[in-house]
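One structure is given here, and the rest of the page talks about it.
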Amino acid sequence: MRILITAGGTREYIDPVRFISNASSGRMGYALARAALRAGHKVTLITAPTTQRHPSGAKIIEVETAAQMFEALKKFFDKCDCLIMAAAVADYTPARSAKTKIKKNNKSLILRLKPTTDILKWAGKHKRKNQIVVGFALEDKNLRQNAEIKLKEKNLDMIIANTAAAIGAGKSTVQIKTPDCKWLKLHQVSKTRIAQKIIALVQTV
Ligand code: CTP
């Protein structure tokens, strides 16, 4: 298969030197890219900045912002058989980004944010027959219920739900659901093994 994977946390610039981001390490997305390559698939990895080593054999597209990730995804989505959206895409971006570095003064500074495009939802809406779209869900509570809502609303073929404890961790607990199967729980497993399991499941969808 041709598998398109996104990874890392996007950066949303306030001015040329400052940005809003999140604590994503990119580990899960990169583990998925390596597992897919090892299973013999062709991999395109759209990555926001991370400290991960680029997996050799993958086509790497480097982006920073949610908007850039969306542009890159639209370019490669048509050509893939499966999209796995492991990136931590910012839900909001500054309504305006200053052209030059913002100077400090003694007053409080109010930042106005505007929503970004939900890339995964766009992919679920535009997927062709036989194209597989896989998403993640990060939930603090009602994990299964909330993830099932995302599975349906984003028209996904699989969702991997986890909690904030997974961010940056080597091992994590995830729960996986496809529309027609029961929940599958992997308890405190390395991201390498989680990635192998996801790729194995994608092959059977
Ligand atoms: N996602 C995306 N584009 C966004 C935000 C999220 O493609 N602008 C994708 C993520 O890559 C992930 C999935 O949507 O695969 C779920 O992300 P999550 O943060 O759990 O949920 P949200 O849909 O952003 O909803 P909320 O933050 O309200 O829970």
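Key figures for this structure:
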read-out: Accessible area expressed per residue, the chain, with surrounding protein chains retained (probe 1.4 Å, Å²); value: 57 Å²
read-out: Residues of region 144-179 with amide N under 14 Å of a point placed 7 Å along Cα→Cβ from Val189; value: 159-162, 171-178
read-out: Estimated Rh, region 42-109: Kirkwood, alpha-carbon pairs, angstrom; value: 14.7 Å
read-out: Accessible-area ranking of Glu148, Glu153, largest first, probe 1.4 Å; value: Glu153, Glu148
read-out: Summed side-chain charge close to Ala166 - residues other than Ala166 whose Cβ falls under 11 Å, Lys, Arg +1, Asp, Glu -1; value: +2
read-out: Using a Förster distance of 25 Å, the FRET efficiency for Phe76-Arg38 (Cβ separation, nearest 0.05); value: 0.75
read-out: Accessible surface of Phe76 - all protein chains present, 1.4 Å probe, nearest 10 Å²; value: 30 Å²
read-out: Distance histogram for the chain (every C-alpha pair counted, 5 angstrom bins, percent rounded to whole numbers); value: 1, 7, 16, 19, 20, 16, 9, 5, 3, 2, 1, 0
read-out: Accessible surface, 1.4 Å probe, highest first, among residues Leu143, Leu111; value: Leu111, Leu143
read-out: Helix-only CD estimate at 222 nm, as mean residue ellipticity for the chain, using -39500 (n - 2.57) per DSSP H run (n ≥ 4); value: -8000 deg cm²/dmol
read-out: Dipole magnitude of the chain about its Cα centre (Cβ charges: Lys, Arg +1; Asp, Glu -1), debye to nearest 20; value: 260 debye
read-out: C-alpha center-to-center spacing [region 124-196, region 7-39] in angstrom; value: 17 Å
read-out: Spatially near lysine pairs across region 36-109, Cα under 17 Å, sequence gap of 8 or more or different chains; value: 6
read-out: Radius of gyration and Dmax over the Cα atoms of region 89-187, both given in Å; value: 18.1, 57
read-out: Inter-site label distance for Leu143 and Lys104 at 7 Å from Cα along Cβ, in nm; value: 4.1 nm
read-out: Segment Cys181-Lys59, length gained on full extension (0.36 nm per residue, minus Cα span); value: 40.7 nm
read-out: Simple spin-label estimate for Thr51 and Arg112 in nanometres, 7 Å along Cα-Cβ; value: 3.7 nm
read-out: Total formal charge among the other residues, if their Cβ is under 10 angstrom from that of Ala98, Lys/Arg +1 and Asp/Glu -1; value: +4
read-out: For Ile14, residues with placed amide H under 5 Å, excluding near neighbours; value: Phe19, Ile20
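The values are calculated or read from the model by the stated rules, or taken from the named source; none is laboratory data. For clarity, every value in this text was computed on a predicted model and none was experimentally measured. Quick reminder, even Gly has a Cβ in these numbers, built from the backbone with ideal geometry, and neighbours come from all protein chains shown. Surface accessibility is based on the protein's heavy atoms, side chains included, excluding ligands, DNA and RNA. Shrake-Rupley method; radii C 1.70, N 1.55, O 1.52, S 1.80 Å.
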